[in-house]
Amino acid sequence: MNLDPRRFRENSRAALEDPGLRIALGRLRTHFAAGRAGAVERYPGWEELREQGRAIRDYSLANLDTLLEQFERNMTARGGHVHWARDGAEARHIVLAILQQRNARSIIKGKSMVSEEIGLNPFLEARGIVPVETDLGEYIVQLRREPPSHIIAPAFHLNKEDVTATFRAAHTELPADRSIAERSELVAEARRVLRQHFESANAGITGANFLTAAEGATMLVTNEGNGDLTRLLPKTHIVLTGIEKVVANLEQAAVLLRLLTRSATGQDISSYVTVMSGPRATGETDGPENFHVVLVDNGRTHLLGTQAQEVLRCIRCAACLNHCPVYAAVGGHAYGTTYTGPLGAALNPGTMGLPIAHHHPNASTFCGRCAEVCPVKIPLPKIMRHWRAREYASSVAPASARRGLRLWAFFARRPALYRVAAKTVSRVLRLFACDGRVRTLPLFRDWFAVRDFPAPHGRTFQELWTARK
Amino acid sequence: MTARPRVGLFVTCLVDLVRPQIGFAAVKLLEQAGCDVEVPVQTCCGQPAWNSGADTPAADLARQVIDAFESFDYVVAPSGSCAGMIVRHYVEALTNDSAYLPRARALAAKTHELISFLMRVRGVNDVSVRCIGTACYQDSCSSLREMNVQDEPRALLSQVEGLTLSELREPEVCCGFGGLFSVKYPEISERMADEKILDAQATGADLMIGGDLGCLLHLKGRMQREGVPMRVRHVAEVLAGMADEPALGEP
């Protein structure tokens, strides 16, 4: 699996030729888009709620420093530890240090896209620590040594048969003749295998959907219950999350929660919503003895105060992916990054740099559906266009594209000359046309690679109009 | 209504270059709706530059269109995409140009997509033309989401004698044209076109009608490459009673 975002074009070509992937991606519409549409319809005042969510997130971003410090104070007061990581490397070392300090070698993990973003698993594996993913989808892709292809459905690119094959190859200790063709059998087997890991783990790592400053709490949304087992059973719990997840208080988090589950899975609420506010207190019967929160920046603050800042409103619901026709065509792996689809297109150039992620904002028709479904009203196409403008103004843009555009603009800015050029092009196209279409031209190879060009009339409107008068 | 409004027709560069019939259909519909139509000298709205991030040429073209069109009572384009560029994006492209910014706002306020202009502004509610067959309507994303045009073309087409409208399963999904996207990522664009064409074929339609020539050229070009025998027309041609003339890409 090639995880290079610079190879988006090659990756997407390979993805388009994968018939299984096409079937899997077809479920975006039936599984996610239809679910969201139903949930939104059932909710009175959805647009007002979106506006509230936008305002809450904008307040967070405008007060990020003070909210994070407030979060730290309140979390620390209850015995939790807050760590600050400027980038992925710092975050990885912080996590490693905590695990080493606790002598934790058996790790369970779940619900953290930030851990994917910073490449935590390969880093720990190289040091002899193998975290076991406990979310079913994440577990499946971990067995296949693939990254998640979707931020809330890590194994969305797979079909049931793929999972059956994966389990047969991985769970060799189980009888070879067992039946695992059905979804329920697959879930039961994963549960049985994961149970052993839950029982033996001495540290658990999760993400967080929101951090609340006033309570010093972290909130986690799950459907499988693995998040709760991961945080409750081991002695040490590490929450790994992005700094932008903070909001003022639980009440604000509750508003965002209403937007999140409906936008993500079409649920009025997820099966589990867990608020974690520190280690087990005196008199409590469960919970971890050690509680750590690692706050990761990793390029986020670079976006503050820029035209791309609004992407930091994101609450990771994946509605933009689920409604993106480009994502629906190529899937998540083609992007070669953790954050894909419109979210990735708006975020990655800022956090990874344009030379790495320049394809992402370009691979959009600007159809605008992402912005339409975004629960916190991120103007995603506008931010993608911002990156294209940055690219055009820099040396990242291919010289040929810039030359072509310059030539076209030269004519377009000179109407008299343009009319002559248009008349010529129209006639030339007509000349090359046969049976109502142009099949190929030496120029415009990329148009003719996949389609013909319907034969033009041969005279421009402006010349016919002048002649008519 | 007293004086006939003066309408500046923004033909669009694609209609000018490829299918002037659409321009004449637009003129006919506007004149029937009581407008005086003029066609000032024009090139392109600048969207290809704007969407490529080429801010300077985009702003130059925006100023050029403002200069040419601001004296009209209305500006009308047979395209939601070009109208959307003028209405939504000129103010962004000229945000640092204090002289032109108010003029961009004024132009945006009187610029319309053709079919919505006929219905919303001119109160056109009926048509008396014929077009025999079953058609699906292909919304352009700009018409849908930038110009909020959805019901208008369907309302007028439903009155065309002999025409049955059959809805796509997913009318809100992009067809994959996306301007330069279609040549930057041709294979992805191809898949999106194929999904749209499959959807269109499943409606039982023998005719696809749309409001943006860009999408239609891309889809018809793909149909020609794949040998899909569906006819394709711009909505203005059908409403102007020009459905007897050869459809897009017919000799």
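The values are calculated or read from the model by the stated rules, or taken from the named source; none is laboratory data. This is a predicted model, so every value here is computed, not measured. A quick note on method: Cβ atoms are made from the backbone with ideal geometry, for glycine too, and the neighbour counts reach across all protein chains shown.
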How many of the residues in region A:323-364 are closer than 18 Å to A:Ala153 by Cα and either away from chain B (no Cβ under 12 Å) or outside any loop (DSSP other than H, G, I, E, B) (or both)? 19
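Can you tell me which residues in region A:15-26 are under 20 Å from the mean Cα position of the chain (by Cα) and surrounded by 15 or more Cβ atoms within 10 Å (Cβ to Cβ)?
Initially, region A:15-26 is screened for residues under 20 Å from the mean Cα position of the chain (by Cα), giving A:15-16, A:21-22, A:24-26.
A:Ala15, A:Leu16, A:Leu21, A:Arg22, A:Ala24, A:Leu25, listed by residue number.
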Quick one: what pairs do we get from region A:210-229, first residue over 15 Å from A:Lys109 (Cβ atoms), second in a helix (DSSP H, G or I) and of a type in the set (Gly, Ala, Ser), C-beta under 6 Å, 6+ apart or different chains? A:Phe210/A:Ala253; A:Thr212/A:Ala253; A:Met219/A:Ala253
Taking region A:433-469 and keeping residues crowded, with 19+ Cβ neighbours inside 10 Å and more than 7 Å from chain B (Cβ to nearest Cβ) leaves A:Ala433, A:Val438, A:Phe448
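State all residues of region A:57-85 that are among the small types (Gly, Ala, Ser), farther than 26 Å from A:Arg280 by Cβ and surrounded by fewer than 17 Cβ atoms within 10 Å (Cβ to Cβ); if no residue qualifies, say none.
Step one: filter region A:57-85 for residues among the small types (Gly, Ala, Ser), giving A:60, A:62, A:77, A:79-80, A:85.
Narrowing the set further to residues that are farther than 26 Å from A:Arg280 by Cβ leaves A:60, A:62.
The answer is A:Ala62, and nothing else.
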Residue within region A:262-274 that is part of a loop (DSSP other than H, G, I, E, B), at positive phi and in contact with an Asp or Glu (Cβ under 9 Å, 6 or more places away or on another chain) present: no
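Name the residues in region A:378-396 that are part of a loop (DSSP other than H, G, I, E, B), aliphatic (A, V, I, L, M) and touching a residue at least 12 places away in the same chain (Cβ under 8 Å), would you?
Going through region A:378-396, the residues part of a loop (DSSP other than H, G, I, E, B) turn out to be A:378-379, A:393-396.
Of the ones still in play, those that are also aliphatic (A, V, I, L, M) are A:378, A:393, A:396.
Those that are part of a loop (DSSP other than H, G, I, E, B), aliphatic (A, V, I, L, M) and touching a residue at least 12 places away in the same chain (Cβ under 8 Å): A:Ile378, A:Val396.
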Condition (residue is facing chain B (nearest Cβ under 9 Å), closer than 30 Å to A:His323 by Cβ and modelled with pLDDT of 95 or more) applied to region A:415-427: is it met by at least one residue? no
Residue that is more than 14 Å from chain B (Cβ to nearest Cβ), touching a Lys or Arg at 6+ places or on another chain (Cβ under 9 Å) and either among the charged types (D, E, K, R) or surrounded by 13 or more Cβ atoms within 10 Å (Cβ to Cβ) (or both), where the choices are A:Arg6, A:Arg54: A:Arg54
Among what's in region A:365-377 and is within 7 Å of chain B (Cβ to nearest Cβ) and in a loop (DSSP other than H, G, I, E, B), pick the residue that is surrounded by the most Cβ atoms within 10 Å (Cβ to Cβ). A:Cys367
Residues of region B:10-26 classified as surrounded by fewer than 24 Cβ atoms within 10 Å (Cβ to Cβ) and more than 8 Å from chain A (Cβ to nearest Cβ), total: 1
Which listed residue is under 30 Å from A:Leu429 (Cα atoms) and modelled with pLDDT of 95 or more, from B:Gly34, B:Gly80: B:Gly80
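Condition check ((1) charged (D, E, K, R); (2) over 30 Å from B:Asn125 (Cα atoms); (3) in the same structural domain as B:Gly221 (by TED's automatic domain parsing)) across all residues:
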{"position": "B:Gly23", "(1), (2), (3)": "no, no, no"}
{"position": "B:Lys28", "(1), (2), (3)": "yes, no, no"}
{"position": "B:Val37", "(1), (2), (3)": "no, no, no"}
{"position": "B:Ala77", "(1), (2), (3)": "no, no, no"}
{"position": "B:Leu94", "(1), (2), (3)": "no, yes, no"}
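Taking the conditions exactly as written (aliphatic (A, V, I, L, M), under 15 Å from B:Glu146 (Cα atoms), at pLDDT 95 or above and assigned by TED's automatic domain parsing to the domain that holds B:Phe10), does B:Ile66 satisfy them or not?
Working: aliphatic (A, V, I, L, M): yes; under 15 Å from B:Glu146 (Cα atoms): no; at pLDDT 95 or above: yes; assigned by TED's automatic domain parsing to the domain that holds B:Phe10: yes.
So B:Ile66 fails the test.
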Test set (1) in contact (Cβ under 8 Å) with a residue 60 or more places away in the chain; (2) assigned to a helix (DSSP H, G or I); (3) more than 17 Å from A:Ile107 (Cβ to Cβ) - A:Glu189 fails condition number: (1)
State which residue is nearest to B:Gly179 (Cα to Cα) when the search covers only region A:378-411 and only residues that are surrounded by fewer than 18 Cβ atoms within 10 Å (Cβ to Cβ) and of a type in the set (Ser, Thr, Tyr). A:Ser400
B:Leu168 within 10 Å of chain A (Cβ to nearest Cβ) and surrounded by fewer than 23 Cβ atoms within 10 Å (Cβ to Cβ): no
List every residue pair whose Cβ atoms sit under 7 Å apart, with the two residues 6 or more apart in sequence or on different chains, where the first one lies in region B:235-246 and is within 15 Å of B:Leu156 (Cα to Cα) and the second, anywhere, is among the basic types (Lys, Arg). B:Ala240/B:Lys28; B:Ala243/B:Arg233
Among the residues of region B:235-246, are any of a type in the set (Gly, Ala, Ser), part of a loop (DSSP other than H, G, I, E, B), more than 13 Å from chain A (Cβ to nearest Cβ) and under 27 Å from A:Asn362 (Cα atoms)? no
Could you identify the single residue in A:Ala39, A:Ala14, A:Ala77, A:Ala33 that is at pLDDT 95 or above and within 30 Å of A:Leu354 (Cβ to Cβ)? A:Ala14
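For A:Gly344, indicate whether it is without any contact (Cβ under 8 Å) to a residue 24 or more places away in the chain and either within 19 Å of A:Gly266 (Cβ to Cβ) or crowded, with 24+ Cβ neighbours inside 10 Å (or both). Give the steps one after another, and end with the answer.
Working: without any contact (Cβ under 8 Å) to a residue 24 or more places away in the chain: yes; either within 19 Å of A:Gly266 (Cβ to Cβ) or crowded, with 24+ Cβ neighbours inside 10 Å (or both): yes.
Considered against the rule, which asks whether it is without any contact (Cβ under 8 Å) to a residue 24 or more places away in the chain and either within 19 Å of A:Gly266 (Cβ to Cβ) or crowded, with 24+ Cβ neighbours inside 10 Å (or both), A:Gly344 comes out as yes.
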When you look at A:Ser60, is it hydroxyl-bearing (Ser, Thr, Tyr) and in contact with a Leu (Cβ under 7 Å, 6 or more places away or on another chain), yes or no? yes
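Test A:Leu233 against the criterion of being touching a Lys or Arg at 6+ places or on another chain (Cβ under 9 Å) and not acidic (Asp, Glu), and give yes or no. It would help to see each step written out before you state the result.
Values: touching a Lys or Arg at 6+ places or on another chain (Cβ under 9 Å): no; not acidic (Asp, Glu): yes.
No: the conditions fail for A:Leu233.
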Any idea how many residues of region B:199-234 are surrounded by fewer than 24 Cβ atoms within 10 Å (Cβ to Cβ), within 12 Å of another protein chain (Cβ to nearest Cβ) and β-branched (Val, Ile, Thr)? 1
Which one is farthest from B:Gly46 (Cα to Cα), of the residues in region A:398-414 that are within 8 Å of another protein chain (Cβ to nearest Cβ) and not basic (Lys, Arg)? A:Ala401
Starting from region A:254-271, take each residue that is free of Cβ contacts under 8 Å to residues at least 40 places away in the same chain and list its partners that are in a helix (DSSP H, G or I) and buried (at least 20 other Cβ atoms within 10 Å of the Cβ), counting only C-beta distances under 6 angstrom and pairs at least six apart or across chains. A:Ile269/A:Thr261
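Got a sec? Which of B:Ile86, B:Ile66 is under 17 Å from A:Ala412 (Cα atoms), under 15 Å from the mean Cα position of the chain (by Cα), of a type outside the set (Asp, Glu) and away from every other protein chain (no Cβ under 13 Å)? Steps first, please.
Working: B:Ile66 fails: under 15 Å from the mean Cα position of the chain (by Cα).
Just a single option satisfies the conditions, and that option is B:Ile86.
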